[in-house]
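Participant: Quick one: the structure is below, and I'll ask about it shortly.
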Amino acid sequence: MSLAITIAAPFRHARKASLKKSEMVYYLAFERGWMNIEQANLLLALARDEGLIAVDGDMIRPLFDTTTVEIPLGFRPPSSIFRRSDPLEELMQRIEKAKNIPATSVAAEMNAIISREFDGYLRPEAALVILARRHAVPFDDLLPALRETVLKK
């Protein structure tokens, strides 16, 4: 959510529906001092990949309603904002926590499903969904992101 807040801030500050890339970088790096220029460019690429912004030439526009995003007083984006969310890793962690087993056991179970039950013709994402279902671990919120990862490959 902090990525959406960070992206919404320049649009709310300028009270505009679209901004130039240079205006976004200036706001993030110089006006607020939240990051350096390279990090600001990386943040914009991450926001584009996450589907939060659309880039039309040099213009950037948000793909969500920035007026609905609450920017807390004194907000500063955490350093974790630059990490891309990996739905596969997150689902593995959920299974680990729910069953209190190490990551190696989850990976071993996933690989067993792939090789023994599907003769190697199953993607790891699907195997983890099967594993999560078997262990009654909720995963519905991760399905769109998992589907997207499969489509990218």
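The numbers here are math on the coordinates, done by the rules we state, and not lab data. Keep in mind that this is a model prediction, so the values were computed, not measured. Here the Cβ is made from the backbone with ideal geometry for all residues, glycine too, and neighbour counts use every protein chain on show.
Participant: Amide H of Lys20: which non-local residues (sequence gap of 5 or more, or other chain) have their own amide H closer than 5 Å, using H built in the peptide plane?
Facilitator: Ile60
Participant: Now, a different point. Lysine pairs, Cα distance under 29 Å, 8 or more residues apart or cross-chain: how many in the chain? Present the calculation step by step, with values, prior to reporting the outcome.
Facilitator: Values: Lys20/Lys152; Lys21/Lys152; Lys21/Lys153; Lys97/Lys152; Lys97/Lys153.
For the chain, the number of qualifying lysine pairs is 5.
Participant: Separate question: Based on C-alpha coordinates, I'd like the Rg and Dmax of the stretch 2-82, in Å.
Facilitator: Here Rg and the maximum Cα pair distance are 11.2, 32 Å.
Participant: Rounded to a whole number of µm²/s, how large is the Stokes-Einstein D of the chain at 10 °C and 1.306 mPa s, given Rh as the Kirkwood radius over C-alpha pairs?
Facilitator: Working: Rh = 17.7 Å.
Estimated via Stokes-Einstein, D reaches 90 µm²/s.
Participant: Tell me which residues come under 5 Å, amide H to amide H, from Ala54 once H is placed; ignore anything under 5 positions away on its chain.
Facilitator: Residues meeting the amide H criterion: Arg61, Leu63.
Participant: Another question about this same structure. Between Glu117 and Arg147, what's the calculated FRET efficiency when r is the beta-carbon distance and R0 is 22 Å? Round to 0.05. Working shown, then result.
Facilitator: Numbers: r = 21 Å, r/R0 = 0.95.
Given R0 = 22 Å and the Cβ-Cβ separation, E is 0.55.
Participant: To the nearest 20 Debye, how big is the dipole of the stretch 87-152 about its Cα centre, given +1 on the beta carbon of each Lys and Arg and -1 on that of each Asp and Glu? The partial results should precede the final answer.
Facilitator: Values: 9 positive and 10 negative charges, 24 e Å.
Its charge dipole is roughly 120 debye.
Participant: Where does the stretch 87-152 land on Rg/Rh, using Cα atoms and the Kirkwood Rh?
Facilitator: Numbers: Rg = 11.1 Å, Rh = 11.8 Å.
That ratio is 0.94, to two decimals.
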